[in-house]
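Each value in this text was obtained by applying a stated rule to the coordinates, not by laboratory testing. Treat the numbers as computed from the prediction; the structure is a model and nothing was measured. Cβ coordinates were reconstructed from backbone atoms using ideal geometry, including for glycine residues, and neighbour counts include every protein chain displayed.
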Amino acid sequence: MVDANFWLFLAAALVIALVPGPGIFYVAARTFSEGRTSGFASIAGTALGGMVHVVAGSLGISAIILASAELFAAVKYVGALYLVWLGIRTFRSAGRPPALEREPVGDRRAFCDGVLVEALNPKTAAFFLAFIPQFLDPSAASPTLQFILLGAISVTLNTLADFGVVLMASFTRAQLTSRPRLVQRLTQGSGVFIAGLGLSLALARRPVNS
């Protein structure tokens, strides 16, 4: 599968990974509000959530969800409500002392949040189903394994881009440690932004060609 088609896929996947999207904005908001380790934990979670879509897409589960208006709406609204809840929780946590942010439980929660946020986003499923099949080799032995491999590469590239975002966001946050009031406002803004991502997801429409 390492042919011209593969390199075309790799180039396209790299460009897509570098284009700011909901995943990048989400991990940036979590980093701004809770710090670098929470950002890294969120990245691990969104990567696992992305692989859930890859496996589901390879098995045809995502196609079933996208083909059903009811299932699509159910997944979409659960994901949207979860993001709104996370945003409200982040906003309310803005007044907490910084020392509370480094508790291990917080990082585990950030990881789990990342998994759920990504896995409950049907737009990610639609993306994989629309993007990856264009680069599959129908003459190869296992299209399913091809789908999983290309999906894993795409998730890896997205994860690397997210790492860069977390490092930049944590550096910016560190520069503001001497201005706690500004950090509080930044955390509140992150909460509002995460909730806004949830509202945006709630307005997403099911792909017409699904």
- Item | Between 0 and 90°, nearest 10: helix 69-92 axis offset from the chain longest Cα axis | 20
- Task: Calculate the length of the line joining the C-alpha centroid of the range 48-88 to that of the range 28-43, in whole Å.
- Result: 23
- Message: Nothing charged except the Cβ atoms of Lys and Arg (+1) and of Asp and Glu (-1): what's the magnitude of the dipole of the chain about its Cα centre? Round to the nearest 20 debye.
- Response: 940
- Please compute the net charge surrounding GLY23, taking Lys and Arg as +1 and Asp and Glu as -1 over other residues with Cβ under 9 Å from its Cβ. -2
- For the chain, the longest principal axis of the Cα atoms and the Cα long axis of helix 36-59 enclose an angle in degrees, to the nearest 10, of 20
- Span per principal axis, largest first, for the Cα atoms of the range 113-156 (Å): 39, 17, 13
- Expressed as a whole percent, how much of the Cα-Cα distance distribution for the range 34-89 exceeds 14 Å? 69
- If you wrap a convex hull around the Cα atoms of the chain, how much volume per residue is inside, in Å³? 109
- Task: List the residues whose amide H sits under 5 Å from the amide H of LEU176, counting only those 5 or more places along or on another chain, with H placed 1.01 Å from N in the peptide plane.
- Result: none
- Item | Listed residue (SER42, VAL84, GLY57) projecting farthest to the positive dipole end of the range 1-156, Cβ model | VAL84
